[in-house]
């Protein structure tokens, strides 16, 4: 005779295991679809692009007064295990070389995502020439990229270890990298630039795998304009940032307001990906800090609480001698 309680219990366990299995399959499919959309970009991305011009365009080197240094830390996809963490540091200054005006800069970036660790360092040089009401820079950067894959490889089947496209141990590769750029700046009112990174398409073939891999050239374009609202201490700073990696083009538009040359608040929109509110503070001695919170508008919002980005910058301008340039409107005298 059949024990219906046992049969019912057995079927319940089967249904439970089936549901768990389907949940795992659904998550796998979801992340696979997300990865097609998100991971096509090889270069790390940032929210505060207007404060990160040196990394994407070598011609920006020396375009500001004095010596400027900055650092950005980006915590991407909070709550997502193994999510990307990117730290970028840079410093640049104007120079006069053999009687020629120019600028020189250094960028260092550490980018980590799960079992991949990338380290990049590059020197930038920009030749400056006065054009119209502003200054034109033509720049080049040279450096290296160290790519490191280290982790525990788990194969889906016993024969998976023979897959020639999967490294069977930790691997590391260092490659030479180069980029070019053009940047124009007219005082504090207008700027625009175009650039390309990885122009030599560095080959990143690892020694113990037959997988072919290279860094694709990335193309960048940016522009910004500053204007003051009539009879007020508020400056508006709209800007646009466009990137193209050969397969996908994406733009970001930003509107930031600067009050009394001290307090910043703004919002950015990254095409089909996120909305980014941001705040900041500038001091009279050249210090600037900023914070951005990136809220996904894609399916990533179901698995993450968003991304955060902290910026710190400092410019030492020997020409101003510490003078306070705080703006005062006639309405506030």
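Extension gain, residue 81 to residue 205: 0.36 nm times the residue separation minus the Cα-Cα distance gives 41.9 nm. Is the stretch 39-140 best put as rounded, prolate or oblate by its Cα gyration tensor, with a ≥ b ≥ c the root eigenvalues, rounded for a/c under 1.5, and otherwise prolate when a/b is larger than b/c, oblate when not? It is prolate, given that a/c is not under 1.5 and a/b is the larger ratio. Applying 0.36 nm per residue to the separation of residue 138 and residue 97 and subtracting their alpha-carbon distance, the gain on full extension is 13.3 nm.
Highest average first, the peptides 235-241, 115-121 ordered by how many other beta carbon atoms sit within 10 Å of their residues are 235-241, 115-121. With the highest mean first, a sort of the peptides 51-59, 272-280, 68-76 on other beta-carbon atoms found within 10 angstrom per residue produces 51-59, 68-76, 272-280. On full extension, the segment bounded by residue 236 and residue 281 gains 14.7 nm, given 0.36 nm per residue less the C-alpha separation.
Taken together, the values in this text are just the output of simple stated rules run on the coordinates, not laboratory data. Bear in mind that the values here come from a model prediction, so they are computed numbers and not experimental data. No Cβ is skipped: glycine too gets one built from the backbone with ideal geometry, and neighbour counts run over all protein chains shown.
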